[in-house]
Amino acid sequence: MATKKRGKLGKWMFEGVPEVEGPHEPEGRHRKHPWWQVMCLTGVDYFSTLGYQPGIALLAAGALSPFATLVLVLLTLFGALPMYRRVAEESPHGDGSISMLERLLSRWKGKMFVLALLGFVATSFIITITLSAADATKHIIENPFVDKNLHFLHHEVIVTLVLIVLLGAVFLRGFSEVIGLAVGIVVVFLALNLVTIGVGLYQIFLIQPDIIPNWSALLWTQPNVNGSVFMLIAASLLTFPKLALGLSGFETGVVVMPLIKSDVDVPKSQLAAFHSTHVDHSEAPDEIRTHIEGRIRGGKKLLTGAAVIMSFFLIGSSIITTMLVPQSEIGPGGKAYGRAIAYLAHEYLGSAFGTAYDLSTIVILWFAGASAMAGLLNIVPRYLPRYGMAPDWARATRPLVIVFTAICVVVTIFFEASVSAQGGAYATGVLMLMTSAAVAVTISAKRKKEKRWIAFLIITLIFSYTTIANMIAQPSGIQIAALFIIGIIVTSFVSRALRTTELRIDKIEYDETALDFIKEMAEGDIRIVTNRREVGNVVEYRFKEHEKRIDNHIPSTDPVIFYEVDLGDASEFKGTMTVRGVDVDGYKILRTESPAVPNAIAALLLDLRDRTGKIPHVYFGWSEGNPIMYLARYILFGEGDTAPVTREILRQAEPDPELRPNVHVGG
């Protein structure tokens, strides 16, 4: 079969395209690292939210911010953490909660659910890039030195677009081995935040002791609190969904699990031979199972460490920003807008420390965008090309980088680089992913008859409430997510329709009987009669043979062999085909199962040609019905007017008519 030759640009664009499509990376592609180092890689996304989360919390909750943040921390430690520790157990190869749902839901139901979730993934990761770049811009232009001396930078949208394009350019050039850099960035950023929080608490408890009584008086006189402890709790529960940005990072934490070094070593060749998302690891050899269990332990440590660290910083930052940031500086136009901790760093630790904090925040926010871009580049090739719902180039990094960068540019212009305006869309994407993970974990635990499924169900209900409350409070989030979902579904099905006449069979395997039939066929002309089996008895095959010989003038002396394709899961796009040989009172039949009947026929014909060196003939009957309806049935259900589709698949697969199998239609 012919292959397309690419020019220099094409080779550069497709550099590094993996040879095999699948939901996971081959083992050994990336160097392994201790769990705490990989935690820093996820931390550039998770911990970077400290750059804007406290300011958003203060703007949304006001004096209630510490209590609403406490609810968020409790949900993090006792909801999200145990849930994602379970995801880590069931998805140690970095597939995350999406692959769990894909396994739990079959056929088109599972794939449509995955497509919808990919819409929320795109929302979360794209908005992570644009929001992080926008907040980095905020830290740049609000820095006192820049404010006084570099007035040309006072264009938020332009500066944000430059940061996004720079990020895309870095990925086009190549972005690898970033873990060492991520560790340094995270350590410096957390250290500066620790100093700022420590100084803030020192101010509150020792230097300005009147702050606490003033805050307490303001808190209890809030209309939604009105001096009642119960109303305070209720108000905190109602307010905390607006702080959901502080929950980001868990899905990224399980996606990077393949980078974690297991505490049990095993040869890479053994891992590569066994590695599969859909294999029960209890069936693995002991050394493989213990190696994977070691990685799972590392993944759980990563998730726990990140959650505990973030919880501490969320509580500390909410206390100091609520009590020390003046009300006049919180909203749009204020110096603390989108950068509450940075404001306090400048205010209480001076311009030098504040500038260092700004630079550290800008770097980690930019790296958060890099983490999100890496997540997109990791997750799209796992699903869409495998479903036949993306062009072949979607497996390559550079074309995807260009597409994602262009989308980020459009989103930034649409939101005018506003941090708060993008918060709703970001929170919606994060919460939907976490809710879907909770659903997956609950279903999995219930199917395994574990008593914990009730606890996971409660977590699912809490996340469902949080998601719905966030959507009601910030409807722009679900609107943006809906656009991403519609865009992904429409482009996916258009791509599926365009790619549906590809061969779609990676490999054909034959049993011994089938190989004997092929050996006999090779002695003369190869004549294949397609048959949709009804009862599979002698009468059926005798009638079908007589009909095809009359309709197509097949000589009575030439033997024919029947070929029957049972329709499998039509939602699958590619796979291996197994052909069995069956003898029914002298009638020879080849039988197989495939997601698409015409593709299975075309694949067999080409394989027979290559095996025997002869051009096969295949015989069909005309189908009665509307050709448009047959086309729709073929795209969605893998069958339709088989003869013309088989002919088209053969034409695309073999451009030379002299080498192309012959298709005959009679009746």
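State which residue is surrounded by the most Cβ atoms within 10 Å (Cβ to Cβ) when the search covers only the range 220-234 and only residues that are at pLDDT 85 or above and closer than 23 Å to T466 by Cα.
Restricting to residues being at pLDDT 85 or above and closer than 23 Å to T466 by Cα, the top hit is L232.
When the range 455-478 is examined, which residues are found to be of a type in the set (S, T, Y) and either within 23 Å of the chain's Cα centre (by Cα) or at positive phi (or both)?
Scanning the range 455-478 gives T460, S464, T466, T467, S476.
Among F517, F543, which is the only one that is touching a strand residue (DSSP E or B) at 6+ places or on another chain (Cβ under 6 Å) and either of a type in the set (F, W, Y) or under 30 Å from A425 (Cβ atoms) (or both)?
F517
I'd like the full set of residues that are among the hydrophobic types (A, V, I, L, M, F, W, C), in contact with a Ser or Thr (Cβ under 9 Å, 6 or more places away or on another chain) and buried (at least 16 other Cβ atoms within 10 Å of the Cβ), limited to the range 520-547.
Matches in the range 520-547: M521, I526.
Please go through the range 612-641 and give me each residue that is modelled with pLDDT of 80 or more and open to solvent by less than 30 Å² (accessible area, probe 1.4 Å), ordered by number.
If the condition is that a residue be modelled with pLDDT of 80 or more and open to solvent by less than 30 Å² (accessible area, probe 1.4 Å), then P616, V618, Y619, F620 are the ones that fit.
Filter the range 97-107 down to the residues that are hydrophobic (A, V, I, L, M, F, W, C) and in a helix (DSSP H, G or I) and list them by number.
I98, M100, L101, L104
From (1) open to solvent by 80 Å² or more (accessible area, probe 1.4 Å); (2) basic (K, R); (3) farther than 19 Å from G621 by Cβ, pick out the condition that doesn't hold for K588.
Condition (1) is where K588 drops out.
Is there any pair with a first residue in the range 67-90 that is over 17 Å from S236 (Cα atoms) and a second that is among the basic types (K, R) whose Cβ atoms are under 6 Å apart and which are 6 or more apart or on different chains, and what are they?
What qualifies is R85/K300; A88/K300.
Can you confirm whether W35 is of a type in the set (F, W, Y) and at pLDDT below 85?
No: the conditions fail for W35.
Go over the candidates I211, I197 one by one and state the one that is at pLDDT 90 or above and more than 42 Å from the chain's Cα centre (by Cα).
Residue meeting the stated conditions: I211.
Checking E658 against (1) modelled with pLDDT of 80 or more; (2) surrounded by 17 or more Cβ atoms within 10 Å (Cβ to Cβ); (3) assigned to a helix (DSSP H, G or I): exactly one of these is not met. Which one?
Of (1) modelled with pLDDT of 80 or more; (2) surrounded by 17 or more Cβ atoms within 10 Å (Cβ to Cβ); (3) assigned to a helix (DSSP H, G or I), only one is false for E658: (2).
What are the residues in the range 548-576 that are in a helix (DSSP H, G or I) and open to solvent by less than 60 Å² (accessible area, probe 1.4 Å), if any?
Residues satisfying the conditions are K548, R549, D551, N552.
Is there any pair linking a residue in the range 338-364 that is surrounded by 24 or more Cβ atoms within 10 Å (Cβ to Cβ) to one that is among the basic types (K, R), with Cβ under 6 Å and at least six apart or on different chains, and which?
Listed pairs, sorted by first residue: G338/K138; R339/K138; Y343/K335.
Suppose the filter is of a type in the set (F, W, Y) and within 24 Å of G423 (Cβ to Cβ); does F240 pass it?
yes
Please go through the range 292-314 and pick out each residue that is more than 14 Å from G43 (Cβ to Cβ) and either not in a helix (DSSP H, G or I) or not charged (D, E, K, R) (or both).
Scanning the range 292-314 gives I292, G294, I296, G298, G299.
Which is modelled with pLDDT of 90 or more and either under 25 Å from P241 (Cβ atoms) or assigned to a helix (DSSP H, G or I) (or both), of S371, S317, S420, S328?
Residue meeting the stated conditions: S317.
The values are calculated or read from the model by the stated rules, or taken from the named source; none is laboratory data. Since the model is a prediction, treat every value here as computed from it, not as a measurement. Because the Cβ atoms are built from the backbone with ideal geometry, glycine has one as well, and the counts that use them run over all protein chains shown. Only protein heavy atoms, including side chains, enter the accessible area calculation; ligands, DNA and RNA are left aside. Shrake-Rupley method; radii C 1.70, N 1.55, O 1.52, S 1.80 Å.
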